[in-house]
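Read the structure below first, then the notes.
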Amino acid sequence: MSTTDRPTISVLVITLNEERMLDRVLESVRWADEIVIVDSGSTDRTEEIARRYTSHFYVLPYEGHGIQRQRTYELSTGGWILYIDADEIVTPALRDSILSSVRGPGGRSGFRMQLHTWFLGRWFGRSGWRKEWKVRLFRRDRGAFDGRAIHEGARVEGPIGTLSGALLHYPYRDLTHAVEKMNRYSTSMVDMRLSSGRTSSAPAAVLRGFGRFFRDYIAGGEFLLGGPGLIRSTLNAYYTFLKYAKLWERSNAGTVPTDVARAPSHGPPEPRQ
């Protein structure tokens, strides 16, 4: 499709060791006018794969997801910004909706799209009240990224429209990968909350975990998805519990007791005969 009758589109991606999905992801946005990637020092084939699709590949020190996103924005030139993760695929229907919408946005500053997540052989977020919407497309002059280290997003000023089609999300290789990411992300969330003076307690961590399970499995309807729904709701509850348990540990119980510091280094005494 000719770009002469529509504004240009920059696709922004941040990466770190993303060879698992990157080829499919970038192939799905090959139609864009520009692809900008900011990498945090990958040691796998990420750079090799990325350079097949773009010359705009930069390696910059990691300072949090929000800052990395903002760097891709500053290095891009398109009139419209589409940002995706390195495990998300733009479907043809979504592509067509994006191209049509930027040609005639009708005064809208950005657009939201459906996110469909693949987990244990099932799609989540495709129907009913569990549809997941993300604002991932916005006009350059109407948006910017926040500075959060994780779960960052774009702040868009003005009306938001809705796109057809879906963004397909493949976040995990397997359950081991899921737990590893939750452990890493929960630590980043704790760092962010501690810096803003947040605290927690052991009971709060447990209650929030149970609350998340109820929200997803019962109120959110994931019980309708069988075993995958049960496992996903349980993992999300565990992730929520872990965030607040780590926050409690770091803010209330993270120091070494003084008696430990004074303890002898040669170990406990031998038992008397």
Single condition residue 78 does not satisfy, out of (1) touching a strand residue (DSSP E or B) at 6+ places or on another chain (Cβ under 8 Å); (2) among the small types (Gly, Ala, Ser); (3) free of Cβ contacts under 8 Å to residues at least 60 places away in the same chain: (3)
Enumeration of residues in region 211-258 that are under 23 Å from residue 132 (Cβ atoms), small (Gly, Ala, Ser) and either in a helix (DSSP H, G or I) or modelled with pLDDT of 95 or more (or both): 211, 219, 226, 227, 229, 233, 237
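From the list 109, 76, exactly one residue is touching a Ser or Thr at 6+ places or on another chain (Cβ under 7 Å) and in the same structural domain as residue 159 (by TED's automatic domain parsing). Which is it? Can you show your working first?
Values: 109 fails: touching a Ser or Thr at 6+ places or on another chain (Cβ under 7 Å).
Exactly one of 109, 76 is touching a Ser or Thr at 6+ places or on another chain (Cβ under 7 Å) and in the same structural domain as residue 159 (by TED's automatic domain parsing), namely 76.
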Evaluation of residue 75 against (1) buried (at least 18 other Cβ atoms within 10 Å of the Cβ); (2) of a type outside the set (Asp, Glu); (3) closer than 17 Å to residue 141 by Cβ (one fails), failing number: (1)
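Could you identify the single residue in 93, 86 that is in contact with a Gly (Cβ under 6 Å, 6 or more places away or on another chain) and either surrounded by fewer than 20 Cβ atoms within 10 Å (Cβ to Cβ) or in a loop (DSSP other than H, G, I, E, B) (or both)?
Result: 93 is the single residue among 93, 86 that is in contact with a Gly (Cβ under 6 Å, 6 or more places away or on another chain) and either surrounded by fewer than 20 Cβ atoms within 10 Å (Cβ to Cβ) or in a loop (DSSP other than H, G, I, E, B) (or both).
Say whether the condition of being more than 29 Å from residue 20 (Cβ to Cβ) and either part of a helix (DSSP H, G or I) or under 17 Å from the mean Cα position of the chain (by Cα) (or both) is met by at least one residue in region 171-193. Let's see the steps before the verdict.
To start, the set of residues in region 171-193 that are more than 29 Å from residue 20 (Cβ to Cβ) comprises 193.
Going one step further and asking which of them are either part of a helix (DSSP H, G or I) or under 17 Å from the mean Cα position of the chain (by Cα) (or both), we end up with 193.
Checking region 171-193: at least one residue is more than 29 Å from residue 20 (Cβ to Cβ) and either part of a helix (DSSP H, G or I) or under 17 Å from the mean Cα position of the chain (by Cα) (or both).
Output the residues belonging to region 47-72 that are assigned to a helix (DSSP H, G or I) and of a type in the set (A, V, I, L, M).
Quick first cut of region 47-72, residues assigned to a helix (DSSP H, G or I) only: 47-50, 65-72.
Selection gives 49, 50, 67.
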Count of residues meeting criterion [polar (S, T, N, Q) and surrounded by fewer than 21 Cβ atoms within 10 Å (Cβ to Cβ)] in region 50-69: 2
Pick from region 30-49, criterion more than 20 Å from the chain's Cα centre (by Cα) and β-branched (Val, Ile, Thr), ranking: surrounded by the most Cβ atoms within 10 Å (Cβ to Cβ): 49
First in region 106-135 and touching a residue at least 60 places away in the same chain (Cβ under 8 Å), second anywhere and in a strand (DSSP E or B) and of a type in the set (Ser, Thr, Tyr), Cβ under 9 Å, 6 or more apart: 124/117
Qualifying residues in region 106-115 (those that are surrounded by 19 or more Cβ atoms within 10 Å (Cβ to Cβ) and of a type outside the set (A, V, I, L, M, F, W, C)) - the one nearest to residue 49 (Cα to Cα): 114
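Report whether or not residue 111 is under 14 Å from residue 160 (Cα atoms), under 21 Å from the mean Cα position of the chain (by Cα) and of a type in the set (Phe, Trp, Tyr). Working first, answer last.
Values: under 14 Å from residue 160 (Cα atoms): yes; under 21 Å from the mean Cα position of the chain (by Cα): yes; of a type in the set (Phe, Trp, Tyr): yes.
In short, yes.
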Among (1) within 30 Å of residue 86 (Cα to Cα); (2) assigned to a helix (DSSP H, G or I) - the single one residue 203 does not satisfy: (1)
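The values are calculated or read from the model by the stated rules, or taken from the named source; none is laboratory data. What you see is a predicted model, and the numbers here were worked out from it, not measured in a lab. Positions of Cβ are generated from backbone atoms using ideal geometry, with glycine treated the same way; all protein chains shown enter the neighbour counts.
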